[in-house]
Amino acid sequence: MNTLVKTALATTALAFALNGAAMAETWYPYDAQAIEPPFAADGKPVDVKYEPLAKAEKPWNICVSFPHMKDAYWLGVDYGVAEQAKDLGVKMNLVDAGGYTELAKQISQIEDCVAGGAQAVVIGAISFDGLNNLVSEVTKKGIPVIDVINGISSPDLTAKSLVSFYTMGHETGAYLAKKHPAGSDPVKVGWFPGPAGAGWVEAANKGFMEAVAGSAVTVLDPKFGDTGKEAQLKLVEDVLQAEPDVRYIAGTAVTAEAAQGLIRERGLKGKVELLAFYMTPGVYEGIKRGFILAAPADSMVIQGRIAIDQAVRALEGKELVKHVGPKIFVVDPSNVETVPQTNILPPNGFKPVFGVN
């Protein structure tokens with residue numbers, strides 16, 4: 001790991017001092033955490049500074065598969081994979097399955113990618129376990145498979161570029177538990193962790209629940225559902241109707257974004273607070289405007305960048321951090337004006353990029 005794990009460099013301070021345009025070219029070295037041993041459920045985080053390759057040796061053909069492109073979170077990951085493909089000089093073809101109910105479609109799209117000549121595959125998985133057979137088949141062909149963002153349980157993966165959604169959920173729960181410690185007045189929280197069965201959802205749910213245990217926070221039965229805005233809005237409406245004394249709505253970024261208008265319309269601003277357990281442009285703006293209370297940032301753009309770099313390193317037999325993700329930190333009214341936006345979010349007005357040639 002020698003060239004990747006470094007002490008803090010003066011260039012880090014310089015990079016953060018540059019404007020957004022320049023930062024797109026100098027995002028590294030980036031504060032990250034590697035998991036040792038890789039893929040282990042009980043692996044320990046080790047602080048690292050991640051640096052990508054300067055250029056690829058050849059224009060490798062990389063296929064990227066996402067669950068969907070319905071929200072700004074995956075737009076941020078798209079920005080990361082597209083920009084890193086350009087920086088390294090490789091080809092990138094992106095497919096999206098259309099939603100978390102579309103596992104069969106995701107598998108079919110990836111099979112088509114491989115049949116079409118993909119030399120490496122980066123997967124934002126719909127299911128934690130449901131892609132394992134596919135991963136095994138693809139890696140047996142000598143094609144590296146990189147797990148980005150969501151998590152896949154297969155031991156045959158080449159590398160993982162992701163953060164712990166357990167930690168994301170835990171950070172969100174801990175934020176509430178600190179505000180409402182044991183012995184203080186009890187508060188009710190509506191909890192909307194996302195689509196049932198997705199690895200990232202199960203992990204976030206576990207982290208959130210464990211963080212609030214023993215505090216004055218009472219979590220209502222989790223409401224699982226697709227991360228489309230209509231689906232999340234309906235779930236929130238149902239909880240507000242059934243539990244008029246609910247104090248917080250916590251859940252996916254889509255939940256928080258969709259609920260802002262509802263809270264305003266019902267005159268509940270200041271009575272019902274919103275939290276997300278990951279960051280999107282909408283959540284960031286919501287925090288700045290005082291409509292959303294807090295969210296941890298997982299630097300999804302950087303996760304996308306690292307995944308492409310890992311794929312190229314695997315193809316070229318270069319040194320590789322097998323399991324790594326950006327460091328997590330919580331954004332709330334106390335720091336939202338000072339946190340650098342670059343690398344946390346895609347640029348304003350960014351449109352989906354499905355191919356880089």
* Over the stretch 88-144, with a single point scatterer placed on each C-alpha, what log10 of the ratio I(q)/I(0) does the Debye formula yield at q = 0.28 1/Å? -> -1.31
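If exposed GluC sites (Glu not before Pro) are those in a DSSP loop with at most 11 other Cβ within 10 Å, what is the longest stretch of the chain that has none? The partial results should precede the final answer.
Numbers: sites that count: GLU25, GLU319, GLU337.
Result for the longest clean stretch: 26-318.
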* Cα long-axis angle, helix 300-315 against the chain (0 to 90 degrees, to the nearest 10) -> 20
* Taking only C-alpha pairs under 8 Å that are 6+ residues apart, what is the relative contact order of the stretch 144-210 in percent? -> 40
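Per 0.36 nm of contour for each residue apart, how much would the distance between LYS188 and GLU230 grow if the chain were fully extended, relative to their Cα-Cα spacing?
12.8 nm
Treating the beta-carbon of each Lys and Arg as +1 and of each Asp and Glu as -1, no other charges, what is the dipole magnitude of the chain about its Cα centre, to the nearest 20 debye?
Numbers: 32 positive and 40 negative charges, 93 e Å.
It works out to roughly 440 debye.
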* Asked: With axes computed from alpha carbons, what is the tilt in degrees of helix 229-242 against the longest principal axis of the chain, rounded to the nearest 10 within 0 to 90?
  -> 20
* Where in the stretch 284-357 are there trypsin sites (Lys or Arg not before Pro) that are in a DSSP coil and have at most 15 other Cβ atoms within 10 angstrom of their Cβ? -> LYS318
* Asked: Between VAL46 and ALA104, what FRET efficiency comes out of the Förster formula 1/(1 + (r/R0)^6) with R0 = 35 Å and r the beta carbon distance, rounded to 0.05?
  -> 0.40
* Which angle from 0 to 90°, rounded to the nearest 10, does the C-alpha axis of helix 253-265 make with the longest principal axis of the chain? -> 30
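Kindly state, to the nearest 0.05, the FRET efficiency for GLU137 paired with LYS271, given R0 = 56 Å and r defined as their beta-carbon distance. List each step's numbers first, then the result.
Values: r = 52 Å, r/R0 = 0.94.
The value I calculate is 0.60.
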* Per 5 Å bin from zero, what fraction in whole % of the C-alpha pairs of the stretch 210-357 is there, up to the bin with the longest pair? -> 2, 8, 15, 17, 17, 14, 11, 7, 4, 3, 1, 0
* Dipole magnitude (debye, nearest 20) for the stretch 137-179, charges at Cβ of Lys, Arg, Asp, Glu -> 140
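With a 1.4 Å probe and all protein chains left in place, how much accessible area per residue does the stretch 257-331 have, in Å²?
Values: 2140 Å² over 75 residues.
Here the per-residue accessible area is 29 Å².
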* Within the stretch 139-223: Cβ-based charge dipole about Cα centre, in debye rounded to nearest 20 (Lys, Arg +1; Asp, Glu -1) -> 140
* To do: Using the 2.2 N^0.38 Å rule of thumb for compact globular proteins, work out how the stretch 276-357 stacks up: its C-alpha Rg over that value, please.
  => 1.31
* Structure fact -> Over the chain, the sum of -39500 (n - 2.57) across DSSP H runs of at least four, divided by residue number and rounded to 500 deg cm²/dmol, gives at 222 nm -11500 deg cm²/dmol
* **Sequence of SER164, SER65 when ordered by accessible area, the most exposed leading, probe 1.4 angstrom** => SER164, SER65
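Which whole-number percentage describes the relative contact order of the chain, with Cα contacts under 8 Å and a sequence gap of 6 or more?
Working: 778 pairs, mean separation 76.7, N = 357.
Worked out over the chain, it gives 21 percent.
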* Asked: Taking the Cα centre of each part, how many Å lie between the stretch 197-241 and the stretch 106-175?
  -> 24
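Quote the FRET efficiency, to the nearest 0.05, computed for GLU319 versus ASN348 with a Förster distance R0 of 41 Å and r equal to the Cβ-Cβ distance. List each step's numbers first, then the result.
Details: r = 36 Å, r/R0 = 0.87.
FRET efficiency, GLU319 to ASN348: 0.70.
Roughly how compact is the chain, stated as its Cα Rg over 2.2 N^0.38 Å to two decimals?
Details: Rg = 19.9 Å, N = 357, 2.2 N^0.38 = 20.5 Å.
Cα-based Rg divided by the globular estimate yields 0.97.
Between MET209 and SER334, what is 0.36 nm times their sequence separation minus the Cα-Cα distance? Round to one decimal in nm. All intermediate terms of the calculation are to be shown ahead of the outcome.
Working: separation 125, 0.36 × 125 = 45.00 nm, distance 2.47 nm.
Between MET209 and SER334, full extension yields an extra 42.5 nm.
The values are calculated or read from the model by the stated rules, or taken from the named source; none is laboratory data. Being a predicted model, the structure only gives us computed values, none of them experimental. Quick reminder, even Gly has a Cβ in these numbers, built from the backbone with ideal geometry, and neighbours come from all protein chains shown. Remember, those area values only see protein heavy atoms, side chains included, never the ligands or the DNA or RNA. Shrake-Rupley method; radii C 1.70, N 1.55, O 1.52, S 1.80 Å.
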